[in-house]
Each structure stands twice: as C-alpha cells, then as structure tokens.
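Working notes, beginning with the structure itself.
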Amino acid sequence: MGKDVLTGTYFLTGNEACAAGALAAGCRFFAGYPITPSSEIAERMSIRLPQVGGVYIQMEDELASMAAILGASWAGAKSMTATSGPGISLMMENIGLGVMTETPCVVVNVMRGGPSTGLPTLVGQADVMQARWGSHGDYEIIALSPSSPQEAFDYTIRAFNLAETWRVPVILLMDEVVGHMRERVVIPEKKDIKVANRRGPSEPPGKFKAFKPKKDLIPEMPVAGQGYAIHVTGLTHDERGYPAVEWEAQEKLVSRLVKKIRLNSAKIASWEEIGVEGAEIILISYGVSTRICRAVREIAREKGINLGLLRLEVIWPFPEKRVRELAGRINAFVTVEINYGQIALEVERCVAGKCITRLVGHGGGTVHDPQKVLEAVEEIAS
Amino acid sequence: MIEPQILEHPKDLLLRKERIPHIWCPGCGLGSALSALVDALRSSGLDLKNVAVVSGIGCTGRAAGYLNLDSFHTTHGRAIPYATGLKLANPDLTVIVFSGDGDLAAIGGNHLIHAARRNVDIKVICVNNFNYGMTGGQGGPTTPRLARTTTTSYGNTEKPFNLVHLMAACGAPYVARWTSAHPHYMKIAMGEMLKKDGFSFLEVIAPCPTNFGRRNKLREIKLLQRYLEQAVLESQPDIAKADIELDSPILCGKFVDLERPSYLTALKETVSAKVKVYDFRGDGRAPLEEEPVKPAAAKAPRKPAEVPSERPVIQRPVQIKLAGLGGQGIGLCGLIIGRAAAIFDHNQAVYTQEYSPEARGGASASSIIIASRQIHTPYVTKPDIMVIMAQGAYNKYQKDVRPGSHLIIDKDLVRPKDLPDSVRIQAIPATRLAEELGQKVVANIVILGFFTALVPHISLAAMQKALKGSIPKGTEELNLRAFETGYNYGKKRRQYRDHGY
Amino acid sequence: MPPVKRKLFNLDQYQVPRGKVQIISERCKGCSLCLEYCPNKVLAWSTDYNFKGYRYPVLEETEERYCISCRFCEEVCPDFAIYVIDKKERG
C-alpha cells in the first residue's frame, strides 16, 4: 500500500494541498459531487485514496455526499466531502444531522461568488454566516479559513483534529483563489504531524450510554460493528440516543451541543495578530483577504500609519473576547471580506460601540484592491 | 388455574424491548415486516454485531430504532447514501435500509436509482403503504390512480411508480415484492437478500388503515384482506405487469435474482490491477504498510536542500503573465516557472490561472509572481514580463502590456501592433523551431528555454530541474532538446542586446 | 357426484403437531390479524381490556379446534405480542 504522507516540498494548489492534508490527518473516505472550484479535491482524493486503502465515491448529488460521509464516520472512518456554491446549500440538511448526532467529519467549501450559480470560477467569501447557521435549528459549529496552499494543508489537518475532538462537522472555508493558486507547500514527516482521534467508549456494552457526555461535554463515541447496538437519530434524543420529543430533552441536548463549542471556545478559537500592540486601527480578515490586508499593512507602514491585523484562522467560534478587549483600546476595526458585511456584523456586535467599525466589502469575482482598503483606513486615520 | 403473565417474546433478543410497543397503528403492516426481518436475521447465521439498520423519516423510519442493532435514523430520503457510507467504510457490516415509499422513492428517489445502478451492497426494504402515513395521509409517488388521500381528495391523477420495475431497470440484481400478509415469503426474501452480495430490493405492500384505508373505505383489517385478495403469487412474475392500480392484481414474487459484481467487488477488480491495495475500507482497520524510505526524488526533496548559490535575489515582486490558446501548454510553462522558483530556487512564487469556459482553443493565461520574500497579493495586476504565444491571445491580453515591460512572443504567430514604444519585444520562432525538432507541441518548452535565457529571476539549474519533474515520462529527451534550442536562441540574442532585466 | 373425501393413506404414521399459544397481552393493539389468520380458529377476544384499552386474543381451544403450532399468528403479529411454543406429546 502507498504512503498517506508524501513528505517533501511541492508547488501545489490549495485544493491539492487540502487533499494531501486530509490524507495526512487520516481521512480514508471521501464522498463528493463535482463542482467548480472544488473539483480538484475530489479528483486528487480519487487517485490517492485507493493507494492508501481508502474509499472514494462519487455520489449522485451533494445531499448524498454529505449523508455518506456521516455514515462512514459512524463506521469508524475519518471522512470528508468538498463542494462549493450551490453544493454547500444542498449539504446543509445533513450538516444539521451531523451536528445533532455529533458526527465528526470535514466539509470543505471552496467559496465562489453567489447567490445561486453566481460566479463558478471566481472568488467569493459570502458563505460565512451560512457556515455558522446554514442548517435549520440552533447550533454552534467550527469553521476554519486558510489563506494559502500551505495553510490549506495545515488547516485540513486541524479541521480533522477539531472534528474528532469536539465531535462536530468542521467546515473548511477555503475560497476560489486559495483553492486554485499554487505556492510552495512543505509536507512534513509523518511523525511530525499531530493527529487527534475520537474518544472511544470506556465501558463495555450494556451499561454504556452513547450520548452521555463526559466532563468536557463530549460523549464517547462507539461505532457500528463494535457490539454497542447504538441508536443514532436526528430526532431530539436522550443519553441512550432514543428519541425524546419533549422540551426537557430538547433543552438538555441542544444546550449541550451549543455549550460544548461555546464553553470550549478558548480551546478552539484561533487567530493571528500582526502588529496589533500599539495599533490605532486594526484590520480584521480571513482567507484570501488576509493576503490583501498584509499588503495594505506594508503600504500603510510606509505612509506612517500604525495598522494592525487580526487574522481569523478559526472563524467560528469567533474570538469575541479578544475583539471586545481590543475595542476598548483602539480607534477602529476595519473588516475586510468579500461580501457586504458578515463578519463585519459580528465585529460590530462584539465592539458594542466602543470603537469605530468599518467594512470594506464587495460582491466577489476578484480580491480586494489594496488601495480601497487603504483609503478606508486613511479616512479614519485622518 | 391462573397462567403466569407472559412478558417476553423470543424475538425480543433483537428488539429494543424498552421501546416496545412501537408507535405503529393497529392493523399497520410495518410491524409484520419488521417481525419478518427479525426472523430472517435470526436464521441468517450472521454475527449480529456486524448488522446495521438505517432508516429515513416517516412511520417506517422509526423501524431502525426498534431493532437492538446498530441503528441509524437519518434525514428524510437520505437513508441510502448514509448506508452507502457505512458499508463502504466498513465492508464487514451487513447494512439494511428499512424505510418507506415516500422516503425512498420520492425525496430519496435519486439515491435509490443510483444505489441500484452502482450496486452498492445494501439491502433495501421499502415498505409501501401508498401514502405519507405519519404526516396525515398525503398522496405520494406510489399512490394508485384515483385513490383518495388528504392531498388527492378528488382521486389521484398521477401515475404511480412501479417500484420493482424501476429497480430492475436500474440494474438491481435482486428485486422482490410481497405484501405484509405474506410474512413467510417476506422472511424468505429477506433471508436471500442478506446472503446476496449487491444491491437488493424488497417492496412490501403494507396497509395503512388509519390513513389510506380510511379514505378508501377499507378500514382496519379490511385493507390487508383486500391486499391478500389482490395478491397474485407467481414463481416467475412478469415485471412489466407489476403496475399497481386501486383494483388491479398485486403481482408478488421474486422478479430479479442475478449475479452482478457489487460496487466494492468491481472497485477491487478494477483498481487492484493498477494500484497495490489489499483492502478498501475507511475505518482504518487496515493499517498502512510504510514503504522503505527511498532516496528523495528530484521532484520532492525530502529535506529542504541548501539554498543554491546561484539563487536570484528578487527584492520587488516580479509579475509574469503567459498567454496563449488552450492546448498550447501555457499552463504547464507557468507551472514549471513556479516550481523552479518556489522549490529549486527557494524563492516565493504564486501561480494563478485564468479559466475560459472553452476546454480547448479559447485564449487563456497563467500568471506567476516571483519574489525573495513573502508575496501577498495573488493576482498579477501589472505584468513586468508577458509571454504571448498566439494572435488570439495577443488580441485579448494586449491591454495588459505596460510601457517599459518586456514582451516575449512567438515570432510567426504573433504580430504585435499598437504598443507603446517603450515595450521591449523579444521574438523567437518557437513553433517553427519545435516543428524542426519533430513535434509542434513542444513550442511552449522552446519558448520556456528562450525565457530562461532572457529572464534573470530564475536560475537555469532550477528551471532544468523543474522541467524534468514536470513532463511526462518518455518525452524527456524531446523536451530537453526543445528547452536547449530555445535557451541557445535566447543566449545568442542576449549577446547582441543585453537589456539587463 | 358427491365430493370425494381424500385421506392420505399413511396419515396414521403422522401426528398433527400441537402448540401452545403465548400472548403478551400488554403489547397487543387489537388489530385482529391473529384471529383472522388462525387456520384452526383457536383464538377469541378477551373480555377485559389491556392498559392501552384494547381487547386482546385469548386461547379458546376445544377437542376439534386446537393449536397446531403453525406459528402463523407469531409471523403475522405486528406487535411482537404472540408466539407459539411446541407442545411435547405425552405418551
């Protein structure tokens, strides 16, 4: 059998790097449906998975793809799907099932311009709120956003580790630019890659309750074929997993699903701060827009403007506490994203009037013009 | 004598006893079908630890939850793809889908036909009660014509699915139909399905006395009695005659039973011939055999090599844009330049590609930015160097040629016009030279060699290494000659007019 | 022509099996399938009701009508409420 980690230095697209990251994280099942600009992930997985004994299957649509990776996860596989645009909308139904049944899996959304068919080959960043609450019902989820092919590799591994640890579908919010651009990607030695695995049952069948949480609010996860006769349902359920269609059970279950992410957000949330200390104005960004913000910072520095950058690595959960803290100390937050204000609203909420908030957004199809971002910064600075 | 009260049933072993009685109405056929499945499982000899049941939504959807097996109650219509994931990730599992007609044939219809087509080894038991029972008896994909439901009050006008015919047409290797009044035959069919390697389908015609029966004047047991009267049992039933009308005979029996390699079997046969694998499973129970460490390949140095001494240092990012017609190999050129810079020169390089909707023949471009430090903006906005290989591409991208920039063209294929005087043009008859080498397709490599001779931002050694790692096996010699031809052509030119990039 | 009553010539060598019907009354929903399909009509409705409010089957065997252990009731019962155990013939 082939190796799952092909250590070396490569010149890869974000999509190819994502597939390499998935294999390195232990992914052995991929179900998907082709859609631009994510198809290269499926193509790569279809070549690589058989080499490592895994299974690639092309399903009939995205509804099926999402359902299949949940099934595979309950059979013990680390599973993934990748899609974009309309595809992620179709996956929302079963992402909800994944949340409700606490099924670890990774969903890659290579964001393109929308709504609807929109811009299949061009970039967008407008699925951010959909990633958070796109499925019906109330829940919390984890989403990450890489800004380079190297990060596509690294964050895919992180996404699997987070999914396995917190038992929730994790969304990798790539975007078309990161998915298609090539850059140097260094794949480390297998021994240097940290991989997390779900916690299995510590008790024998009989006494064991499949949805009884441990202290960290995460239940232990048996899988099919282990003799636990588990029952997994999308209905509101009790600790045995049996349907309990009543408000008390709803309160108990859904509040835990929300809390397991919210109360652990200090362990999950992750961001990078560049020149934030002493900055008057801080840019907030993620994905490809981060790259533009880095360029803007350099130009601003030449002009004598002290500009910081808070770059979201994990978008959900959002670094609420940190943004709130900074808001009391600075003049303004400028959110740079390819939409008309999604994270910007989140920033506004956390800032709660303690500093100026601005959005530099556009509808997609290309990245930001650094000049436009700079203008917004200069307007506040003057 | 007072008999001691009986509390246990021999089938309880396979039931989640604490959940019985189930939610199904008196006279409903679901219980009989479930009971038959329990019998079939008991006599199957299967290790029940490895049996999983998947349901969708609706009355039938509750079935999974009553069986004391690994059971999954999924979303509406998605039982089959969910089961597909379970089965493929752990092929040791026997995966049964137990769901209703609305769930499997309407909202999940697409999954049903594709699972049958690709012959995934799952056993589908479709309990057909001709309506949506749980939600109050609305019409569905199997409601017979003129039947009354809460949404077909004047009688159903649509033609229903003949499910067995549909499944046979999709290539399912096992297709049978019984009514819930035939528990014995159901049990036999289910037993056969459990043994089959491949997609197998059983339709169970079951009464829904509460909804379908009540609205069609067949209350309680009368509906089942009617089905029993309507049922025609044949040893070799004609599937084309299996349509169900309100008063027609209900043709029962085994319609299809043939051998066809299941999805996993076919996968193993096809892929094993090309890739060394001994098992397909996603649950990680087949550990990877680590291959002995081989010396690092040229394409992928195991450890970052020493920074080459001839590494060009590029302070300000250099933007390069290559344009041509689809099929000219412009993308490959860009890729080689990027690899050379990023992997072998240890510089930074960002490569992007413009896509045109045509797969071949449309003008397309690829762009590379090279610098010795981190590159932020991914797109080329002001190219310092442009390479254009065809007139069609020139017409499209001429607007990007900036004053003072360098333009490299195929002498014979591009006639530059309307350019600022300050544009420095370097021309090479790349296609002609490639033809002389014997293959027109290597014109892109000729121009790449030419580019290497003229442009100082990438070292020759890096370019040669990247080239070797990027071309198909067996074409090395031709490509290296093409590269050399272009390079020498450029070197000569450079001797005359060194522009000192 | 009067109907011919056919009888297996070696019937004497065989014994009609006997069974004992077991009823879990609390699981019954009174659908009547077992009563309907019992070939020997050995079942009848109870006089009282179970906790769900249904009458349930009770055994009413006579010399001629006795359980022959065909298990049809067990197979057809949708509620896992009835089954049959084989009765060993004494003597």
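How large is the translational diffusion coefficient of segment A:147-235 in µm² per second when you combine the Kirkwood radius over alpha carbon pairs with Stokes-Einstein at 25 °C and 0.890 mPa s? Walk me through the intermediate numbers first.
On the way: Rh = 15.8 Å.
It comes out at roughly 156 µm²/s.
Between the Cα long axis of helix B:460-470 and the first principal axis of chain B there is an angle of about 30°, rounded to the nearest 10.
Taking the centroid of alpha carbons for each part, segment A:221-237 and segment A:100-153 are 27 Å apart.
Calculated from the alpha-carbon coordinates, chain B shows an Rg and a Dmax of 34.7, 121 Å respectively. Between the C-alpha center of segment A:340-371 and that of segment A:2-80 there is a gap of 33 Å.
For segment A:235-382, take the convex hull of the Cα atoms, compute a quarter of its surface area, and give me that in nm², please. Provide the component values of the computation, followed by the final result.
On the way: hull surface 43.5 nm².
The directionally averaged projection comes out at 10.9 nm².
In terms of other Cβ atoms within 10 Å, A:R294, B:R415 run from fewest to most in the order B:R415, A:R294. Hydrodynamic radius of chain A by the Kirkwood approach over all distinct alpha-carbon pairs: 21.2 Å.
Sequence-distant contacts, meaning Cα pairs under 8 Å at least 6 residues apart, place the relative contact order of chain B at 10 percent.
Bridge orientation summary for chain B: considering DSSP beta bridges with both residues in this region, about 35 percent are antiparallel.
Applying 1/(1 + (r/R0)^6) with R0 = 51 Å to the Cβ-Cβ distance of B:S272 and A:E251 gives a FRET efficiency near 0.45. In plain terms, the C-alpha convex hull of segment B:318-496 casts an average shadow of 9.8 nm² when viewed from every direction.
Per-residue mean of foreign Cβ neighbours for A:6-18 is 4 (Cβ atoms of other chains, 10 Å radius). For chain C, the longest piece that avoids every one of the GluC sites (Glu not before Pro) found in DSSP loops with at most 13 other C-beta atoms within 10 Å covers C:1-59. Excluding same-chain neighbours fewer than eight residues apart, the aspartates and glutamates reachable from A:K354 by a Cα-Cα span under 19 Å are A:E277, A:E280, A:E320, A:E325, A:E346, A:E379. Dividing the Cα radius of gyration of segment A:8-192 by its Kirkwood radius returns 0.93 for Rg/Rh. From the alpha carbon centroid of segment C:11-33 to that of segment B:22-68 is 22 Å. Applying a threshold of 20 Å to the alpha-carbon distances of C:K20/C:K88; B:K11/C:K29; B:K49/B:K123; B:K411/B:K468 flags B:K411/B:K468 as lying beyond it. For q = 0.08 Å⁻¹, what log10 I(q)/I(0) does segment B:10-267 give under the Debye formula with an equal point scatterer on each alpha carbon and no solvent? Summing over Cα pairs of segment B:10-267 leads to -0.27.
Counting other C-beta atoms within 10 Å, which of B:F199, A:F11 has the fewest, and how do the rest follow?
Numbers: B:F199 30, A:F11 26.
Going from least to most buried by this count: A:F11, B:F199.
Values of log10 I(q)/I(0) for the protein assembly as shown across q = 0.06, 0.10 Å⁻¹ run -0.54, -1.15, by the Debye formula with one identical scatterer at each alpha carbon and no solvent.
Values quoted throughout were computed directly from the atomic coordinates according to the rules given, and no laboratory measurement underlies them. Predicted, not measured: the structure shown is a model, and the values here were computed from it. Quick reminder, even Gly has a Cβ in these numbers, built from the backbone with ideal geometry, and neighbours come from all protein chains shown.
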